Structure formats: structure tokens, C-alpha cells
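For reference, the structure discussed in these notes is given below.
The values are calculated or read from the model by the stated rules, or taken from the named source; none is laboratory data. All values reported here derive from a predicted model rather than from experimental measurement. Glycine gets a Cβ as well: all are built from the backbone with ideal geometry, and neighbour counts include every protein chain shown. With ligands, DNA and RNA removed, areas are computed over all heavy atoms of the protein, side chains included. Shrake-Rupley method; radii C 1.70, N 1.55, O 1.52, S 1.80 Å.
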Amino acid sequence: MASFLDYVNPTRFMAISDKALPWLVGASTLLLGVGLYAAFFLVPPDYQQGETVRIMYIHVPSAWLGMFAYIVMSSASLGVLVWRHPLADAAQKTAAPLGAAFTFTCLVTGSLWGRPMWGTYWEWDARLTSFLVLFLLYLGIIAVRQTMDDTPRGARVASIMTLVGLIDIPIIKFSVDWWNTLHQPASVFRAGGSTISGSMLWPLLVMALGASALFLTLHFMALRNEILRRRIARLTMDKIRAGESESGALEAGAL
């Protein structure tokens, strides 16, 4: 474990991410380009939903990434609370805005999809409500970070809050099985196999891979910026302290 923690120190992460980012940018651009082209020009209209089924190719990957980002935050929170690792703290902080953005996209596209299908933009059923709770959790964690800055106490509070909110992820996942909801049950990853036809399934999977690559790209970039920001802040504080010490020494000499 000690060697692993040494391997993921901020300096090594900067070197690894510098090499990985061009590949991630290329992968996300290619996958999203292929997925969007297929979703809007190759996939046939659904026999029940018509053209509105194309919203699925934005909505579903956004939902998956909204939950995945929270799992990343929860894993990083363990690193903060157990090992107090600085990279885990930065990863937890920078993943929150990205997760909030994907979750918000999921809620908006879901509302647009729900209007022609259900006759309403919003319904307080289990899946929609639990996903809204996830979005509010993201906002709460971001607010804690903004209020308490980069203090160790702020990192611990945000990490504890993240781990407590982790219970919402299985609720989101299994809500359609536990309660009677308007939202359709799982149709891609299920025991009996996918219920989506192959012509519609492969663009969805390509979009999911593209969205995942986009998340990694943005998260790596945000992490790099956060590491650099903290280094600059630390150097600035050291310079201020050095200036204060020098000023104090001059005053003592004058006396």
C-alpha cells in the first residue's frame, strides 16, 4: 500500500496525465463523434417513441457518468479519511462539479424525454427523486468546499458527507425494481440480456465510452489545475512568511 501511495503522488500524476491527456482527448472526440453521428443519422426511429428516442443517447450516458463520478468521489474520500492523501483530496474536490454537470444534463434530458412519453416534464417517482437527491448532494459538497476552502477540516467534512450520500447510488440503481415507477426498468445491463435492438444498442455503448473518456479528460485537466493552484498558493504563502520574518528581523535590528 505504501508503494501504491508513493506511485500516485501529485508529481507522478502530473507526469502520467501529461502523456495520457492527448490520447484521452482523441478517444473522447472520436467516440463521441461516431456515437452522435450514429444516434442522429443511422439509428432508426423507435416504433413507439419515434424520433424522441434519440434523447436516450445523451440521457443514459449522462446518468451513468453522474453515478460513476460519485463513486470516484467516494473512493477518493476514503483516501482522504484513511490516508490523508493530497491527490485523493484534489480528486474528490474536482470530481464534484463534473458529476453535478452530468447529473444536471441527465435531469434536463430526462424531463425533455418525459414530456412526450409521460405527458409531464416531472414526476416525483423513485428514480427521478433519487437522482434529484444526487444532484443536491453534489451541490452540497461543492458548497462545503467553497465555504471551507482547502482546510483539512473542510476536506474531512466533504469526504464524510460524500460517503454518507453514497447510499443514494444503490437506491437510484434499484429504485425501478423496488418501487412501481414511471421510469422503465434496466434495459441494457440485465440478467436476461439487453432488451434494446442491436442497431440502437451499439451507438449507445459508443456514446457511453465517449462520455467516460470525456469525464476522464476533464477530470485529469481539473486535477492538474488544482495541483498547480495549490502549489502556487503554497509558494505564495511561503513568500509572505519569509517577507514577514525578514521584516521582523529588520525591526528587531533597528531596536
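Give me the base-10 log of I(q)/I(0) for segment 67-149 at each q in 0.13, 0.14, 0.16, 0.22 Å⁻¹, Debye formula, one uniform scatterer per Cα, rounded to two decimals.
Debye intensities relative to I(0), on a log10 scale: -0.48, -0.54, -0.65, -0.98.
Compute the acute angle (0 to 90°) between the alpha-carbon long axis of helix 86-118 and the principal axis of greatest extent of the alpha-carbon atoms of the chain; round to the nearest 10°.
Value to nearest ten degrees: 20.
Please name which of Ala158, Thr217, Gly114 has its Cα lying farthest along the dipole of the chain towards the positive end, using unit charges on Cβ (Lys, Arg +1; Asp, Glu -1) and the Cα centre as origin.
Checked the options; the winner is Thr217.
Suppose every K and R has +1 on its Cβ and every D and E has -1 on its Cβ; what is the size of the dipole of segment 43-170 about the Cα centre, in Debye to the nearest 20?
Working: 8 positive and 8 negative charges, 64 e Å.
Once rounded to the nearest 20, the dipole reads 300 debye.
Assuming a viscosity of 0.890 mPa s and a temperature of 25 °C, what translational diffusion coefficient in µm² per second does Stokes-Einstein assign to segment 1-151, Rh being the Kirkwood radius over Cα pairs? It would help to have the intermediate numbers written out before the result.
Details: Rh = 17.9 Å.
It diffuses with D of about 137 µm²/s by this estimate.
Taking N as the number of residues in segment 4-46, what value does Rg over Cα atoms divided by 2.2 N^0.38 Å take? Each step should come with its number before you reach the end.
Values: Rg = 17.3 Å, N = 43, 2.2 N^0.38 = 9.2 Å.
Cα-based Rg divided by the globular estimate yields 1.89.
Can you check what the Kirkwood hydrodynamic radius comes to for segment 112-206, Cα pairs only, in Å to one decimal? Write down the numbers at each step before the final one.
On the way: mean 1/r = 0.0625 Å⁻¹.
Over segment 112-206, the inverse of the mean reciprocal pair distance is 16.0 Å.
Pick from Ala88, Ala242, Ala222: which is most flexible by mean-square fluctuation in a GNM of the chain where alpha carbon atoms under 10 Å apart are linked?
Of the options given, Ala242 has the highest mean-square fluctuation.
Work out how much length Asn9 to Asp150 would gain on full extension: take 0.36 nm times their residue separation and subtract the Cα-Cα distance, in nm to one decimal.
Details: separation 141, 0.36 × 141 = 50.76 nm, distance 1.77 nm.
Stretched fully, the Asn9-Asp150 segment lengthens by 49.0 nm.
Please give the length that would be gained between Trp83 and Leu132 if that part of the chain were fully extended, namely 0.36 nm times their separation in residues minus their C-alpha to C-alpha distance (nm, one decimal).
Working: separation 49, 0.36 × 49 = 17.64 nm, distance 3.13 nm.
In short, 14.5 nm is gained.
For semi-axes √(5λ) of the Cα gyration tensor in Å, pick the label among [x] 43, 21, 16; [y] 25, 23, 16; [z] 36, 20, 18 that corresponds to the value derived from the coordinates.
[x]
HN-Hα J couplings of segment 65-75 from phi, Karplus 6.51/-1.76/1.60, θ = phi - 60°, integer Hz, Gly and Pro as x?
With coefficients 6.51, -1.76 and 1.60, one gets 6, x, 6, 4, 4, 5, 5, 4, 4, 5, 5 Hz.
Apply the Karplus curve 6.51 cos²θ - 1.76 cosθ + 1.60, θ = phi - 60°, to the phi angles in segment 205-218 and return the couplings in whole Hz, x for Gly and Pro.
5, 5, 5, 5, 5, x, 5, 5, 5, 5, 4, 4, 4, 5
Can you work out the accessible area per residue across segment 52-163, with the rest of the protein chains kept in place, probe 1.4 Å, in square angstrom?
Working: 4780 Å² over 112 residues.
Spelled out: the 1.4 Å probe surface of segment 52-163, per residue, equals 43 Å².
Once a ≥ b ≥ c are taken as the square roots of the eigenvalues of the Cα gyration tensor of segment 9-85, is the result rounded (a/c under 1.5), prolate (a/b larger than b/c) or oblate (a/b not larger than b/c)? Working shown, then result.
Working: a/c = 7.95, a/b = 1.87, b/c = 4.25.
Note, shape of segment 9-85 comes out oblate.
Return the lysines within reach of Lys173: Cα separation strictly under 28 angstrom, same-chain partners fewer than 8 residues apart disregarded; answer none if there are no such residues.
Hits, sequence-local ones excluded: Lys93.
Taking only DSSP H segments of four or more residues, each worth -39500 (n - 2.57), what value at 222 nm results for the chain once the sum is divided by all its residues, to the nearest 500 deg cm²/dmol? Can you show the working numbers first?
On the way: 8 runs with 195 residues, N = 255.
Per the formula, -27000 deg cm²/dmol.
Could you tell me the relative contact order of the chain? Use alpha-carbon pairs under 8 Å, at least six residues apart, and round to a whole percent.
Values: 251 pairs, mean separation 75.8, N = 255.
For the chain, the relative contact order is 30 percent.
For the chain, which whole percent of the accessible surface, found with a 1.4 angstrom probe, sits on carbon and sulfur atoms? All intermediate terms of the calculation are to be shown ahead of the outcome.
Values: 9740 of 14210 Å².
Carbon-and-sulfur percentage of accessible area, whole number: 69.
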